[in-house]
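The values are calculated or read from the model by the stated rules, or taken from the named source; none is laboratory data. Since we're looking at a predicted model, the values are computed, not measured. Here the Cβ positions follow ideal geometry from the backbone for every residue, glycine too, while neighbour counts run over all protein chains shown.
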């Protein structure tokens, strides 16, 4: 398999790539990688080096032209790798301005399986702005429509891909997953709290990159209005919302009741999460399959999350999570209060959370099996097409 990507930052994207490819290798697949080569040398949390600097400092038109120009160099690299290694299939992690995977698949008559984590044309138009909108839209649709099979991570995203003209028969939803082995040896909650000097605290926990839209300030507002002085917010991660959150905690007199660990080595995340009494998914992108949600489930944590369509693909209210109306501050506070005040509910949520991973097959190993099945179908389809011609 030729695994094709354009990831330079070492973050959640990198975790997805590494976990899935390791699961594929465990199944006996031989992988050849075409993509930025320096990622593996970076520390976790690295932002992408030169590419990130260029995005911040050069005009949008020039940056996007550089992105698209990269596709031609990338196509040459893919062609060389295909001639040398003769893969049976291409697996691509979709990116904007990157039609080179589809070009190579057509040139060498190879099936291409395309993992789609977000509708990047829509996402960048809304948040970062796009200068070359027509080129960006063309590149996205060319990639999606050229895939033998497209693998969106949620049903919500699958609907967006369908609207771009992709045949529904070529869409297979494959959500993010978890490696359960990495979460089996986490310390007991009291031991985890002791390591973090949080003995006797009732810990509300969040993992990942903090952005303003996560609305973690609502957690602090809830704590400020609660009579329970043992409540403590623990954040395993960092991000641009950190200064504002720290300032808000200072204003509320809660600075000593919030701990932000910053970026933590991946092998230490489970040990930190073991200190959580309740895990928070305070906001979510509407089409995303959040990695933190699967980590929470693997840890058997009671979860408070927004009642959005993509979250409902995994969680059911009062079964393996408590859901709230994301448009209402009051709904979030009520859901959090409901879980904080009901120990029996937390026990039920915890037990159901652990079962969810196995019941829904939310592991990287299961995802690798799904990909293998699709590879076999794609290769048969390509063989039949060649015979017909």
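Of everything in region 122-155, what is within 19 Å of the chain's Cα centre (by Cα) and buried (at least 21 other Cβ atoms within 10 Å of the Cβ)? Give them in sequence order.
150, 151, 152, 153, 154
Of the conditions (1) over 26 Å from the mean Cα position of the chain (by Cα); (2) part of a helix (DSSP H, G or I); (3) closer than 19 Å to residue 342 by Cβ, residue 228 satisfies every one except a single condition; which number is it?
Against the list (1) over 26 Å from the mean Cα position of the chain (by Cα); (2) part of a helix (DSSP H, G or I); (3) closer than 19 Å to residue 342 by Cβ, residue 228 comes up short only on (2).
Considering each residue of region 166-215, count those that are assigned to a helix (DSSP H, G or I) and in contact with a helix residue (DSSP H, G or I) (Cβ under 8 Å, 6 or more places away or on another chain), and give that number.
Of the residues in region 166-215, the ones assigned to a helix (DSSP H, G or I) are 168-170, 180-183, 189-195, 212-214.
Among the residues that remain, those that are also in contact with a helix residue (DSSP H, G or I) (Cβ under 8 Å, 6 or more places away or on another chain) are: 168, 180, 182-183, 192, 195, 212.
The qualifying residues number 7.
Return the only residue of 77, 86, 93, 106 being free of Cβ contacts under 8 Å to residues at least 40 places away in the same chain and in the same structural domain as residue 32 (by TED's automatic domain parsing).
86
Residues 361, 330: which one is more than 26 Å from residue 230 (Cβ to Cβ) and either surrounded by fewer than 18 Cβ atoms within 10 Å (Cβ to Cβ) or touching a strand residue (DSSP E or B) at 6+ places or on another chain (Cβ under 8 Å) (or both)?
Details: 330 fails: more than 26 Å from residue 230 (Cβ to Cβ).
The match here is 361.
Looking at region 215-229, I want the residues that are without any contact (Cβ under 8 Å) to a residue 60 or more places away in the chain and have a partner that is part of a helix (DSSP H, G or I) with Cβ atoms under 7 Å, at least 6 apart or on another chain. Which pairs are those?
Short answer, once both residue conditions are applied: 217/245; 217/248; 220/248; 220/249; 223/257.
When both residues are 6+ apart or on different chains and their Cβ atoms are under 9 Å apart, which pairs have a first residue that lies in region 350-367 and is within 18 Å of residue 273 (Cα to Cα), and a second that is surrounded by fewer than 21 Cβ atoms within 10 Å (Cβ to Cβ) and at pLDDT below 95?
Once the first residue is within 18 Å of residue 273 (Cα to Cα) and sits in region 350-367, its partners that are surrounded by fewer than 21 Cβ atoms within 10 Å (Cβ to Cβ) and at pLDDT below 95 give 357/180.
What tally of residues in region 134-159 results from selecting those that are touching a strand residue (DSSP E or B) at 6+ places or on another chain (Cβ under 9 Å) and closer than 26 Å to residue 110 by Cβ? I'd like the intermediate steps shown before the answer.
In the first step, residues of region 134-159 are kept if they are touching a strand residue (DSSP E or B) at 6+ places or on another chain (Cβ under 9 Å); the result is 143-144, 146-153, 157-159.
Then drop every residue that is not closer than 26 Å to residue 110 by Cβ, which leaves 143-144, 146-153, 157-158.
The qualifying residues number 12.
Limited to region 1-28, what total is found for residues that are modelled with pLDDT of 95 or more, farther than 17 Å from residue 114 by Cα and in a loop (DSSP other than H, G, I, E, B)?
2
Of all residues being within 21 Å of the chain's Cα centre (by Cα) and more than 26 Å from residue 268 (Cβ to Cβ) in region 163-197, which is surrounded by the most Cβ atoms within 10 Å (Cβ to Cβ)? Just the residue, please.
174
Scan region 29-39 for residues that are part of a loop (DSSP other than H, G, I, E, B), touching a strand residue (DSSP E or B) at 6+ places or on another chain (Cβ under 7 Å) and modelled with pLDDT of 95 or more and jot them down.
Within region 29-39, the first condition is being part of a loop (DSSP other than H, G, I, E, B), and the residues that meet it are 29-31, 35-38.
Among the residues that remain, those that are also touching a strand residue (DSSP E or B) at 6+ places or on another chain (Cβ under 7 Å) are: 31, 35.
Result: 31, single match.
Looking at this structure, is residue 373 assigned by TED's automatic domain parsing to the domain that holds residue 297 and at pLDDT 95 or above?
Values: assigned by TED's automatic domain parsing to the domain that holds residue 297: no; at pLDDT 95 or above: yes.
The answer is no for residue 373.
Determine whether residue 248 is crowded, with 16+ Cβ neighbours inside 10 Å, touching a residue at least 12 places away in the same chain (Cβ under 8 Å) and closer than 17 Å to residue 281 by Cα. Break it down into steps so the answer makes sense when it comes.
Details: crowded, with 16+ Cβ neighbours inside 10 Å: yes; touching a residue at least 12 places away in the same chain (Cβ under 8 Å): yes; closer than 17 Å to residue 281 by Cα: no.
Criteria not met by residue 248.
Out of region 79-107, which residues are over 21 Å from residue 136 (Cβ atoms) and part of a helix (DSSP H, G or I)?
Pass one, region 79-107, residues over 21 Å from residue 136 (Cβ atoms): 79-91, 107.
79, 80, 81, 82, 83, 84, 85, 107 - these are the residues of region 79-107 that are over 21 Å from residue 136 (Cβ atoms) and part of a helix (DSSP H, G or I).
Among the numbered conditions (1) assigned to a helix (DSSP H, G or I); (2) touching a strand residue (DSSP E or B) at 6+ places or on another chain (Cβ under 6 Å), tell me where residue 295 comes up short.
(2)
Sort through 147, 158 and tell me the only one that's assigned by TED's automatic domain parsing to the domain that holds residue 13 and without any contact (Cβ under 8 Å) to a residue 24 or more places away in the chain. Explain how you work it out, then say what you get.
Details: 147 fails: without any contact (Cβ under 8 Å) to a residue 24 or more places away in the chain.
Being assigned by TED's automatic domain parsing to the domain that holds residue 13 and without any contact (Cβ under 8 Å) to a residue 24 or more places away in the chain holds for just one of 147, 158, which is 158.
Select, from 314, 339, the only residue that is crowded, with 18+ Cβ neighbours inside 10 Å, modelled with pLDDT of 95 or more and not in a helix (DSSP H, G or I). Step through it out loud before you land on a result.
Numbers: 339 fails: not in a helix (DSSP H, G or I).
Of 314, 339, the one residue that is crowded, with 18+ Cβ neighbours inside 10 Å, modelled with pLDDT of 95 or more and not in a helix (DSSP H, G or I) is 314.
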